[in-house]
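Undergrad: Sharing a structure, written as structure tokens. Questions coming.
Here, each number is a calculation from the coordinates, and none is a lab measurement. Worth saying up front: this structure is predicted, and the values here are computed from it rather than measured. Cβ coordinates were reconstructed from backbone atoms using ideal geometry, including for glycine residues, and neighbour counts include every protein chain displayed.
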2 protein chains.
Amino acid sequence: MLAGGVGAARFLRGLCRLLEPERLTVVVNTGDDETFFGLHVSPDLDTITYTLAGVAHRRRGWGVRADSFHCLRALSRFYPETWFRLGDRDLATHIFRTHQLRQGRSLTEVTKQVAARFGLRQRILPMSDDPVRTFVRTDRHGWLPFQAYLVRERARGRVVGIEFRGLEHARCAPGVLEAIEAADAVLLPPSNPLVSIGPILALPDVRSLLRSRRNRVAAISPIVGGHPIKGPAHRMLAGLGHEVSPVGVARLYADFASVFVVDSQDTASVHSIAGLGLKPVVANTVMSTVARSEALAARVLEELRV
Amino acid sequence: MLAGGVGAARFLRGLCRLLEPERLTVVVNTGDDETFFGLHVSPDLDTITYTLAGVAHRRRGWGVRADSFHCLRALSRFYPETWFRLGDRDLATHIFRTHQLRQGRSLTEVTKQVAARFGLRQRILPMSDDPVRTFVRTDRHGWLPFQAYLVRERARGRVVGIEFRGLEHARCAPGVLEAIEAADAVLLPPSNPLVSIGPILALPDVRSLLRSRRNRVAAISPIVGGHPIKGPAHRMLAGLGHEVSPVGVARLYADFASVFVVDSQDTASVHSIAGLGLKPVVANTVMSTVARSEALAARVLEELRV
């Protein structure tokens with residue numbers, strides 16, 4: 001699975017029930033990573049880890065369940081900006097990650113250690129050990145780092161640009177291409193195609209490798225009934241000239257995916273998706289319960305004959 | 001005031017009530033500093049800051065009052081040793097300090113910033129910006145960093161050595177010698193003479209400067225009735241061949257202090273102290289209340305005619 005944050009986590013809650021843990025590798029976007037208070041925070045990696053460990057906050061889609069914010073409140077004495085909500089339990093992960101990185105370990109190694117300490121047997125890989133940082137440009141704020149755009153500015157403003165800084169020097173993390181190469185299925189959950197999946201696809205060799213494995217790649221539309229379930233994907237798609245619809249997303253994936261799942265609200269898009277050379281699959285993609293998430297995952301795997 | 005941790009904090013609670021904040025400079029031992037989880041912790045500096053800010057834990061002598069330990073518990077997932085009790089609110093200080101130091105600020109600058117963010121007008125100076133680390137050797141554990149000896153091993157074992165590593169390359173922090181030079185009074189609170197006051201005295205020029213200001217220097221015995229009020233000073237004194245008594249401590253200070261305060265339980269020592277060339281003063285030195293701490297501070301200042 002290629003993963004961003006919330007949509008990926010929702011899908012994963014069901015998917016992980018269907019697979020032996022050793023069969024699952026999650027390649028995670030690190031374009032949203034940010035440094036807060038000198039600590040290296042990897043929101044998407046943590047969301048995936050916490051989700052698999054069963055400690056994720058269910059409703060919010062970030063952080064640890066039942067966390068407290070005493071340290072963050074105390075940090076507000078020293079820092080003018082504490083809009084990124086780092087809980088006390090969550091902070092332990094960032095402190096550990098930062099400590100390990102400073103000792104010269106790679107993000108891949110640290111991510112593996114974190115997963116192991118949470119008792120996970122699934123493999124979680126950062127997309128890259130090199131720093132890639134997503135910046136978003138809006139008509140209101142100019143260029144902003146992703147978290148400042150999403151969290152501090154609450155994704156306000158018209159998106160007029162997206163950039164992955166550092167991409168020109170970045171390679172895939174060890175194991176990423178091998179995992180895609182060896183996979184029975186490569187799944188793209190209903191994540192933001194531009195900023196969650198986009199950075200992974202932009203890394204060297206990923207897209208061409210996926211193309212060569214096209215019949216094993218399936219994606220799920222993050223746009224349902226004209227809107228994303230969560231987040232600003234519609235504003236980003238629209239701002240960059242894409243159609244805000246399942247078809248608009250399908251176009252972004254058509255060169256390397258063979259199956260594209262749309263919600264039962266979007267049956268009208270089936271014909272256009274088929275026209276892109278993708279097999280359209282209609283399913284209930286709104287994963288309001290773990291059972292629904294599991295049913296969706298089962299449907300996708302079945303479609304790829306896994 | 002030259003300061004270590006708990007004894008200094010107790011005395012300071014009274015002293016700061018008597019002085020305009022701008023008149024007070026506290027020069028603080030940093031030999032107890034330690035790195036935990038990649039964070040730079042300065043226990044004595046923080047105890048002094050928290051005490052002056054009124055947020056210190058009263059009974060314990062370390063940390064922030066009413067703190068919680070959620071992050072530390074979460075850190076225990078990643079680290080085998082979490083015996084140094086860092087609370088959630090306390091951690092904010094260490095995260096900020098570490099972040100600032102990594103950006104190239106000196107410990108003096110960071111300490112000033114921390115004090116300012118706590119609204120303090122008193123001046124708190126680390127004894128040095130250079131790393132000096134106190135190691136304690138016991139017959140049970142060999143050489144241990146100070147916190148491992150004190151907290152992890154609970155000061156067990158016979159002390160057979162004390163060493164200030166890094167001292168050979170350390171200078172006083174900016175302002176330390178100037179503060180001693182300009183002071184109307186230099187006060188040594190009832191702190192451990194070997195590991196709390198000792199590292200400060202061992203820095204270049206401190207002892208000789210104090211000698212030249214001898215008539216302004218007063219010390220308070222940390223040994224009362226044959227024991228320290230808190231901590232392992234008796235074991236350290238005994239282990240290194242010093243007498244475990246006010247006289248034993250007075251001997252360590254006799255070359256640069258003119259006044260030595262003993263508890264009313266220790267009137268028997270008055271004659272020997274006078275014999276060392278120190279003026280003995282008898283007072284209630286057990287600071288079980290702030291009022292008693294204030295009375296003691298007033299008595300010492302009076303003796304030095306401040």
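Undergrad: At what distance in nm do the modelled label points of residue A:158 and residue A:22 sit from each other, each positioned 7 Å from its Cα along Cα→Cβ?
TA: 5.5 nm
Undergrad: Same structure, new question: For residue A:80, what is the net charge nearby, where nearby means another residue's Cβ is under 13 Å from its Cβ and Lys, Arg count +1, Asp, Glu -1?
TA: +2
Undergrad: What angle do you read, to the nearest 10 degrees and between 0 and 90, between the alpha-carbon axis of helix A:43-53 and the longest principal axis of chain A?
TA: It is inclined by approximately 80 degrees.
Undergrad: Could you work out the equivalent-ellipsoid semi-axes for the stretch A:39-111, taking the square root of 5 times each eigenvalue of the Cα gyration tensor, largest first, in whole Å?
TA: They are 20, 18, 9 Å, listed largest first.
Undergrad: Further question: Report the Rg/Rh value for the stretch B:148-272, based on alpha-carbon coordinates and the Kirkwood definition of Rh.
TA: That ratio is 0.97, to two decimals.
Undergrad: Quick one: give the max-minus-min coordinate of the C-alpha atoms of the protein assembly as shown along each principal axis, largest first, in Å.
TA: 104, 51, 39
Undergrad: May I pose another question? For chain B, what is the percent of antiparallel DSSP beta bridges, rounded to the nearest 5?
TA: Percent antiparallel among DSSP bridges in chain B is about 50.
Undergrad: For the stretch B:179-244 and the stretch A:43-110, write down the distance between their C-alpha centroids in whole Å.
TA: Taking the Cα centre of the stretch A:43-110 as reference, the centre of the stretch B:179-244 is 43 Å away.
Undergrad: Could you tell me the calculated FRET efficiency between residue B:140 and residue B:58, based on Cβ-Cβ distance and R0 = 35 angstrom, to the nearest 0.05?
TA: Calculated transfer efficiency: 0.65.
Undergrad: Something else: Calculate one ³J(HN,Hα) per residue across the stretch B:297-302 by plugging θ = phi - 60° into the Karplus curve 6.51 cos²θ - 1.76 cosθ + 1.60, and present them in order as whole Hz with x for glycine and proline.
TA: Going residue by residue, I get 4, 4, 5, 5, 4, 4 Hz, with x marking Gly and Pro.
Undergrad: Could you give me the ³J(HN,Hα) list for the stretch A:69-82, computed from phi with Karplus coefficients 6.51, -1.76, 1.60 and θ = phi - 60°, whole Hz, x at Gly and Pro?
TA: Whole-Hz 3J(HN,Hα) from phi for the stretch A:69-82: 10, 5, 5, 4, 4, 5, 5, 5, 5, 9, 10, x, 10, 10.
Undergrad: In debye, nearest 20: dipole of the stretch A:106-241 around its Cα centre with unit charges on the Cβ of K, R (+) and D, E (-)?
TA: That gives a dipole near 460 debye.
Undergrad: What net charge is computed for the residues neighbouring residue B:294, neighbours being all others with C-beta under 14 Å from the C-beta of residue B:294, Lys and Arg scored +1, Asp and Glu -1?
TA: Within the 14 Å Cβ shell, the charges total +4.
Undergrad: Continuing with this model, one more query. Taking amide hydrogens as modeled 1.01 Å from N in the peptide plane, which residues meet the under 5 Å criterion relative to residue B:124, leaving out close sequence neighbours?
TA: Those lying under 5 Å, H to H, from residue B:124 are B:26.
Undergrad: If you don't mind, another one. Quick one: if you stick a label point 7 Å off each Cα along the C-beta vector at residue A:73 and residue B:282, how many nm between them?
TA: 5.0 nm
Undergrad: What number, rounded to the nearest 500 deg cm²/dmol, is the helix-based mean residue ellipticity at 222 nm of chain A, given -39500 (n - 2.57) per DSSP H run of at least four residues and division by all its residues?
TA: -10000 deg cm²/dmol
Undergrad: Assume the label is 7 Å from Cα along Cα to beta carbon: what separations in nm does residue A:109 have to the matching positions in the other copies?
TA: Taking the point 7 Å beyond Cα along Cα→Cβ, the inter-copy spacings are 3.1 nm.
Undergrad: Placing a label point 7 Å from Cα toward Cβ, how far apart in nm is residue A:163 from its equivalents in the other copies, listed shortest first to one decimal?
TA: Residue A:163 label point versus its equivalents elsewhere: 5.3 nm.
Undergrad: Right, next: Quick one: net charge around residue A:11, please, counting Lys, Arg +1 and Asp, Glu -1 for every other residue with C-beta under 12 Å from its C-beta.
TA: Residues close to residue A:11 contribute a combined charge of +4.
Undergrad: Between copies, how far apart are the residue A:76 label points? List them in nm, one decimal, shortest first, with each point 7 Å from Cα toward Cβ, please?
TA: Here residue A:76 shows inter-copy label distances of 2.9 nm.
Undergrad: If you put +1 on each Lys and Arg Cβ and -1 on each Asp and Glu Cβ, how big is the dipole of the protein assembly as shown around its Cα centre, in Debye rounded to 20?
TA: Roughly 1040 debye for the protein assembly as shown.
Undergrad: So what is Rg over Rh here for the stretch A:181-249, counting just Cα atoms and using Kirkwood for Rh?
TA: Over the Cα atoms of the stretch A:181-249, Rg/Rh equals 0.99.
Undergrad: Still on this structure, please answer the following. Where the only charges are on Cβ atoms (+1 Lys, Arg; -1 Asp, Glu), what is the dipole of chain A about its Cα centre, to the nearest 20 debye?
TA: Rounded to the nearest 20 debye, it is 620 debye.
Undergrad: Of A:206, A:144, A:187, which is farthest along the charge dipole of the stretch A:138-238 in the positive direction, counting Lys and Arg as +1 and Asp and Glu as -1 at C-beta?
TA: A:144
Undergrad: Under the rule of at least 5 residues apart or a separate chain, name every residue whose amide H is placed under 5 Å from the amide H of residue B:56.
TA: Amide H neighbours of residue B:56, under 5 Å, 5+ apart: B:51, B:65.
Undergrad: Rounded to the nearest 0.05, what FRET efficiency is calculated for residue A:289 and residue B:208 with R0 set to 45 Å and r the Cβ-Cβ distance?
TA: 0.05
Undergrad: Compare the Cα positions of A:223, A:284, A:237 along the charge dipole of the stretch A:174-286 (+1 at Cβ of Lys, Arg; -1 at Cβ of Asp, Glu; about the Cα centre) and return the one farthest towards the positive end.
TA: Farthest towards the positive end: A:237.
Undergrad: Have a look at B:53, B:74, B:93 and report the one farthest towards the positive end of the charge dipole of the stretch B:46-112, computed about the Cα centre with Cβ charges (Lys/Arg +1, Asp/Glu -1).
TA: B:53
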